[in-house]
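Report on one structure; see the data block that follows.
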Amino acid sequence: MKNTTNTPETNEGTYEILQNGAGEILLIIKQRRGGPENPRFVYDGGETALLYRSRESSVFLGGINENARQPLKAVDEVLVAEIDGDEVAREYIVPVRLVRDLKAVLS
């Protein structure tokens, strides 16, 4: 499932969500500056999520494919892979935090 957010000038908003046969989720994003510090994936079951990497870095994920929504709600953690070109720059496990309304959390 390939997803993109509305970022016309760059590929910063492009991401992919993949699921293996065991139900595990892989989130692929473009490499960001600085490493993750106490990251979490905040999700309300809808079309948007937030990958909180650190105090200085969060990634807004918009337009989540309908086929990815239920699997995302069913896992306790996701594997995040940050890609630099064709190489994996870093990967890390992120706990999933389900919330009632992501917009309320962001306000």
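The values are calculated or read from the model by the stated rules, or taken from the named source; none is laboratory data. Remember, it's a predicted structure, so these values are computed and weren't measured experimentally. Please note: Cβ atoms are built from the backbone with ideal geometry, for glycine as well, and neighbour counts cover all protein chains shown. Quick note on the areas: whole protein, heavy atoms, side chains included, nothing else; ligands and nucleic acids left out. Shrake-Rupley method; radii C 1.70, N 1.55, O 1.52, S 1.80 Å.
Could you tell me whether Glu82 is surrounded by 13 or more Cβ atoms within 10 Å (Cβ to Cβ) and more than 16 Å from Val105 (Cα to Cα)?
Judged against the criteria, Glu82 is a match.
Identify all residues within the range 27-39 that are surrounded by fewer than 17 Cβ atoms within 10 Å (Cβ to Cβ) and either in contact (Cβ under 8 Å) with a residue 40 or more places away in the chain or aliphatic (A, V, I, L, M) (or both); write none if there are none. Working first, answer last.
Within the range 27-39, the subset surrounded by fewer than 17 Cβ atoms within 10 Å (Cβ to Cβ) is 30-31, 33-35, 37-38.
Passing the criteria: Lys30, Gln31, Gly35.
For residues that are out of contact with any Ser or Thr (no Cβ under 8 Å at 6 or more places or on another chain) and open to solvent by 100 Å² or more (accessible area, probe 1.4 Å), scanning just the range 52-76, find the one that is farthest from Val96 (Cα to Cα).
Keep residues of the range 52-76 that are out of contact with any Ser or Thr (no Cβ under 8 Å at 6 or more places or on another chain), which gives 53-59, 65-76.
Filter once more, keeping what is open to solvent by 100 Å² or more (accessible area, probe 1.4 Å): 55-56, 66-67, 70, 76.
On the way: Arg55: 17, Glu56: 19, Glu66: 18, Asn67: 17, Gln70: 13, Asp76: 5 Å.
My answer is Glu56.
Hey, Ile64 hits all of (1) in a strand (DSSP E or B); (2) in contact (Cβ under 8 Å) with a residue 12 or more places away in the chain but one; which does it fall short on?
Single failed check for Ile64: (1).
Testing Glu91 on (1) assigned to a loop (DSSP other than H, G, I, E, B); (2) open to solvent by 90 Å² or more (accessible area, probe 1.4 Å); (3) at pLDDT 95 or above, one condition comes back false. Which one is that?
Looking at each condition in turn, Glu91 falls short on (1).
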